[in-house]
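Worksheet: the structure to be examined is printed underneath.
Every number in this text was worked out from the coordinates using simple rules, so none of it is lab data. None of the values given here were measured: they were computed from a predicted structure. Cβ placement follows ideal geometry from the backbone for every residue including glycine, while neighbour counts extend to all protein chains displayed.
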Amino acid sequence: MKTTNKSSIIFLVSIIIGIIVYGCMKKPIADSPKNKSINSIQQVAKYDTITSLEQMVKDTVIWKHDNEYVMVTHENSTDEEENEENEGHKITSGCSNIFAGSARAAAKTSYALPAAVTYANISALRLSLQTDANMHTKGLGSSSPRITEEKRNVNITSAYLYAISRESDNDYHMIIGDASHTPSTLLNCECGGLPSSTSSPAYTTINNLRAYIKSYFGTDFCNQSGYTKFSTPIHITVLKGSLFYDIDHSPGSIGPTGLRANTSWEMHPIHDLHF
């Protein structure tokens, strides 16, 4: 009898331990933004649910993507200078993929040549950069080529996309940061507009990247201005690009509310990107 009771107790304890272990395995990882997607039926029911961002006609929707529900909001603001801004949700580039800006066009539509240096995250990259104060002593102008400090290619191991915007020069501004973001852990990373010549060494790479963005989001954000923001930042598995210092925008002026990097450094243009 005692042996039977002991076996029963061991059996019950094993079941309890199994339940606890299974529960722990199912529990979301606290510091991973990927696991903060919307699960509440009430939350999903409150807004329109779409499967492609091309279907987004309201300022707040639920995007069902990769079997997850993410709240997506629109902020009607752009990063262009006042004389380049357009009213409402429209831009006037005609939705061409060709770069439509003028400032430092050669640098913005070409890549640096050195081999990429890998950084664990945006914070680690930011620590390696020259200060903004120092960069403002370099004499950069609207026709400056890529200078020594910008002749660097970088590869980021872990990053998250918080917001994206198609600007009137046809560049995609992507506000990318670490899992926990602050102004010092964010960076504007741009998928540039295409070089004017198809023979440019960067043309095919940029063209493929723009096609990937359109495929992933279900839209090329044509005829939209302002930022599309994601309540659950999108995990980036590949992020490579050339460094660039933006003399036209001061630190803290690029990005939607609450998502502005406190530097004018950028990754511009991006070489490779995968979500």
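Can you give the Rg and Dmax of the range 28-274 based on its C-alpha atoms, in angstrom?
Here Rg and the maximum Cα pair distance are 17.5, 55 Å.
What is the dipole size for the range 218-275, taken about its Cα centre, with +1 at each Lys and Arg Cβ and -1 at each Asp and Glu Cβ, in debye to the nearest 20?
200 debye
Give me the one-decimal nm value for the distance between modelled label points at Ser128 and Ser200, 7 Å along each residue's Cα-to-Cβ direction.
2.5 nm
Between Thr257 and Lys151, what FRET efficiency comes out of the Förster formula 1/(1 + (r/R0)^6) with R0 = 51 Å and r the beta carbon distance, rounded to 0.05?
Calculated value: 0.95.
Beyond a 24 Å Cα-Cα separation, which of these cross-linked pairs lie in this structure: Lys151/Lys214; Lys46/Lys214; Lys46/Lys229; Lys58/Lys229; Lys108/Lys138; Lys58/Lys214?
Beyond 24 Å: Lys151/Lys214; Lys46/Lys214.
Sort Cys95, Cys189 so the one with the fewest other Cβ atoms within 10 Å of its own Cβ comes first.
The most exposed by this proxy come first: Cys95, Cys189.
How big is the gap, in Å, between the Cα center of the range 234-275 and the Cα center of the range 190-228?
One Cα centre to the other: 15 Å.
Among Lys108, Lys214, what is the fewest-to-most ranking by other Cβ atoms within 10 Å?
The most exposed by this proxy come first: Lys214, Lys108.
So for the range 94-198, what are the equivalent ellipsoid semi-axes in whole Å, largest first, each being the square root of 5 times an eigenvalue of the Cα gyration tensor?
23, 19, 14
By counting other Cβ atoms within 10 Å of each Cβ, how are His65, His274, His249 ranked from fewest to most?
Arranged by neighbour count, lowest to highest, His65, His274, His249 become His274, His249, His65.
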